């Protein structure tokens, strides 16, 4: 019954590696997001997709590439991981991109780059 | 772009006391103001929201007030309980070209002592 799910929950990897985080929502929502939460708990939007199309890219390095195979999934691939990429990454979804509706967050993926 | 300031960054209260968290925003066009609660190890979860056509909204022990003229909004929690301990985020949003994004404050860590 999980509304927004993410895998993996924890990810520990070496600098320079490439990794992916997956997100799925079963709420029937059209819009999905990726957020980054740093060590000081600051939440910042990275990307937004509406019906599989990118609508927001908040000046994220192009090492980060989101992919939406369908509107229920939004995956995040990160190339050449850096120490500064260590953070918690949250996926979220909402029913209406412009309708100012509730965003539902996943449980987060804790990424540690060594 | 929108800037949301949140105070205090930490708040310690005794069980049964009230807690107040305050936020200010910079963009007068913002018209949706949600509050999220993030428990340890979990994703943020919406607890209450308010839109710009309303000055106050209440849901049991939680209330939110909005002053559009001063561009600030506040979360009030009465009769606090230990399970209210969490990080609370305010956010502001507006519709822009058919899409909206949430700009979050930096969070308030609330600790309720029994």
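Every number in this text was worked out from the coordinates using simple rules, so none of it is lab data. No experiment lies behind these values; they were computed from the predicted model shown. Every residue, glycine as well, gets a Cβ built from its backbone with ideal geometry; the counts of neighbours run over all protein chains shown.
Quick look at the numbers
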{"read-out": "Cα gyration tensor of chain B - equivalent ellipsoid semi-axes, whole Å, descending", "value": "24, 14, 12"}
{"read-out": "Gain on full stretching of the segment that runs from residue B:18 to residue B:62 - 0.36 nm per residue minus C-alpha separation", "value": "14.8 nm"}
{"read-out": "Contact order normalised by residue count of chain A, Cα under 8 Å, 6+ apart, percent", "value": "37"}
{"read-out": "Cα pair count fraction exceeding 26 Å, expressed as % - the protein assembly as shown", "value": "38"}
{"read-out": "Residue-averaged beta-carbon neighbours from other chains (10 angstrom radius) around B:36-49", "value": "4"}
{"read-out": "Percentage relative contact order, chain B, counting C-alpha pairs under 8 Å, at least six apart", "value": "36"}
{"read-out": "Cβ-derived FRET efficiency at R0 25 Å, residue A:65 paired with residue A:26, nearest 0.05", "value": "0.55"}
{"read-out": "Whole-angstrom gap from region A:1-67 to region B:66-90, using each part's C-alpha centre", "value": "27"}
{"read-out": "Gyration tensor (alpha-carbon) shape descriptor, region A:2-59, a/c threshold 1.5", "value": "prolate"}
{"read-out": "Highest to lowest packing among B:54-66, A:53-65, A:22-34, scored as the average C-beta count within 10 Å", "value": "A:22-34, B:54-66, A:53-65"}
{"read-out": "Shape of region B:1-63, Cα gyration tensor, a/c cut at 1.5", "value": "prolate"}
{"read-out": "Within region A:1-26: backbone nitrogen closer than 15 Å to the residue A:44 label point (7 Å, Cα to C-beta)", "value": "none"}
{"read-out": "For region A:46-114: span of alpha carbons on each principal axis (Å, largest first)", "value": "39, 22, 21"}
{"read-out": "Modelled FRET efficiency - R0 30 Å, residue B:28 with residue A:73, Cβ distances, 0.05 increments", "value": "0.25"}
{"read-out": "Residue B:70/residue B:9 FRET efficiency (R0 22 Å; Cβ-Cβ; nearest 0.05)", "value": "0.60"}
